[in-house]
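Heads up: the structure comes next, in structure tokens.
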Amino acid sequence: MKKYWFKPKKFWRWFAAYYPITREGWITTIGALVAIFLIFMNADGQSHSVSDAFFTSAPKIIIVLLAFDIISFRTGEYPSWWNKNHESR
């Protein structure tokens, strides 16, 4: 049996968001949040306005979120409602 780091939470009909259930999952989640915070604070310190800080940090934050999404999907439990043989109601 594979040890999952994340569990899926169903949103609407097909969407899933993962939440941490193990120490490794929590470390990954906290690491992503710290990275996002540091990216924004670095951009904020070098910019002259909030919008400048946002547009400077947004591409890097999107990359961190995509990496987190890939990690959580690969180390998390597969959502049962995505299974074609499983009838969801």
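The values are calculated or read from the model by the stated rules, or taken from the named source; none is laboratory data. Keep in mind it's a predicted model, so treat the numbers as computed, not measured. When we count neighbours, we look across all protein chains shown, and the Cβ atoms used for this are built from the backbone with ideal geometry, even at glycine. Side chains included, ligands, DNA and RNA excluded: accessible areas come from the protein's heavy atoms. Shrake-Rupley method; radii C 1.70, N 1.55, O 1.52, S 1.80 Å.
Annotations for the structure displayed:
- Accessible surface, 1.4 Å probe, highest first, among residues Tyr18, Tyr78, Tyr4: Tyr78, Tyr4, Tyr18
- Heavy atoms of Leu33 accessible to a 1.4 Å probe, total area in Å² rounded to 10: 110
- A straight Cα-to-Cα reach below 17 Å connects Lys3 with the aspartates and glutamates Glu24, Glu77, residues fewer than 8 places away in its own chain not being considered.
- Ala58 paired with Lys10, simple spin-label distance in nm, labels 7 Å along Cα-to-beta-carbon: 3.4
- Principal axis dimensions, largest first and in whole angstrom, of segment 1-48 by Cα: 49, 28, 10
- Accessible surface of Thr29 - all protein chains present, 1.4 Å probe, nearest 10 Å²: 20
- Geometric extent, Cα atoms of the chain - Rg, Dmax (angstrom): 16.6, 54
- Long-range HN-HN contacts of Ala16 with modeled amide H, under 5 Å: Phe11
- Nearest-10 value in Å² for the accessible area of Lys9, using the 1.4 Å probe: 110
- 1.4 Å probe accessible area per residue over the chain, in Å²: 80
- Each residue of segment 51-67 is assigned a 3J(HN,Hα), and the resulting list reads 5, 5, 5, 4, 5, 6, 8, 4, x, 5, 5, 4, 5, 4, 5, 5, 5 Hz, derived from the Karplus form 6.51 cos²θ - 1.76 cosθ + 1.60 (θ = phi - 60°), x at Gly and Pro.
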